[in-house]
Each structure stands twice: as C-alpha cells, then as structure tokens.
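Below is one structure, written out as structure tokens; comments come after it.
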Amino acid sequence: MMSAYIGIDQSYTGCAIVLLRDDPKDRDVHLMEFPGRPGVGPCARLRNTYTSLQNHFEAVAAGEFVRGICFEGYSYGSRYRREAMGELGAVLRLALVERWPESLMATVAPTTVKKYATGSGSAPKDKVMLAVYKRWGFTADTNDAADAYTLARIARALDGADEPENRAQEEVLATIRKAQDKAA
C-alpha cells in the first residue's frame, strides 16, 4: 500500500479533494458539489454532505496509507454564509476523524495556503493557480483544486516527504507546527 497525502479545500460550491501519492505526479483530484435541492432543508443537506464525504473517505482509506491531511480553515474575514461554512467544516472534520486519527490532520488558514504556493498570503486566486502550475506542474481546473493540491503538498512537507523550497514555505510549516503543538 502506497503512502498518500490528502488536501481539502471545502466549500458547498466546489469542494476539492486531492490525493497525492508517494510520487507527486501520481495524484487524484475529486471535485464534490453539495447543491441544495428544492424542498431539502439545511439538516438534510448536511446529512447528505456528511454521507458523501464519509463514502469518499472510506474508499480512500481502503486503498491508501494516509500519512497526512491538510484542509483549509475558515476565512474569518468573510461576511457571507459563515454559519453554513462552519457547519460544513464540522461535517468535514467528523467524516475525517471517523477514518483517521486527528494527529494526522492540520488546519491551514486560506492566506497560509496562498503563501505556501506563491510566497504571498494576499495573492489573487489566478496567481495561486499559476504558481501551482509553475512550481509543481499541476494544472488545476479550478482555484479550489489548486488550493487542495497546495494543501496536499503542505501535508507531504509536514510529514518530511518534501523539503521546503523557500523561506515562505519554511515560515508556513513552522506556523502550522506551532499551532499543532499548542493544540496537543
């Protein structure tokens, strides 16, 4: 069984999950949508989302030895749909801890994801997509996929499978490790 790392950029409009194996060119990108349906209330939508994530993670766990998981944290400056995003984040965390120990997981702030890919925490989404392509040769179809790929690369680096390429990446890894130590 090969080692793998998971990167997740979650949102209702385009949750991207990247599974990055030992060879970084060996990867799977899974885009999930959790659209609301007429007549389906928020609780049913959360249940459907949870079930979809749970099924996906169960399939991954059956075929991969997952060594690290990074997912994007909350955008605290957002003004819109914060409660819904909080619920989605909770459902994601629950689905993850059913399959893997919490010690494998790291929450990474959106600005930190940008900094790891581009060197700047304020880079626009198109610059992140371009940086991901230039740095790692990964062509992302969406900015969610670019972020998820970056998160999988961060998980690899946290595990020691990748070395940081520059000072910005070293700072990102140090920040995440410090937050993990505080939480432990």
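Numbers below:
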| quantity | calculated |
| --- | --- |
| Test: residue in region 124-133 that is at pLDDT below 95 and among the hydrophobic types (A, V, I, L, M, F, W, C) | no |
| Candidates ALA140, ALA152 - the one that is open to solvent by less than 20 Å² (accessible area, probe 1.4 Å) and not in a helix (DSSP H, G or I) | ALA140 |
| Test set (1) under 19 Å from ALA61 (Cα atoms); (2) buried (at least 19 other Cβ atoms within 10 Å of the Cβ) - ASP147 fails condition number | (1) |
| Number of positions in region 117-139 that are free of Cβ contacts under 8 Å to residues at least 60 places away in the same chain and either at positive phi or touching a strand residue (DSSP E or B) at 6+ places or on another chain (Cβ under 8 Å) (or both) | 1 |
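Residue-by-condition table, conditions (1) open to solvent by 20 Å² or more (accessible area, probe 1.4 Å); (2) at pLDDT below 90; (3) closer than 21 Å to GLU33 by Cα; (4) hydrophobic (A, V, I, L, M, F, W, C):
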| position | (1), (2), (3), (4) |
| --- | --- |
| GLN54 | yes, no, yes, no |
| PHE57 | no, no, yes, yes |
| CYS70 | no, no, yes, yes |
| ARG79 | yes, yes, no, no |
| GLY86 | yes, yes, yes, no |
| ALA90 | yes, no, yes, yes |
| ARG93 | yes, no, yes, no |
| PRO101 | yes, no, no, no |
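The values are calculated or read from the model by the stated rules, or taken from the named source; none is laboratory data. Small disclaimer: the values here were computed from a predicted structure and weren't measured. Methodologically, a virtual Cβ is constructed for each residue, glycine included, from the backbone with ideal geometry; neighbour enumeration extends over all protein chains shown. Please note that ligands, DNA and RNA were not included when accessible areas were found on the heavy atoms of the full protein model with its side chains. Shrake-Rupley method; radii C 1.70, N 1.55, O 1.52, S 1.80 Å.
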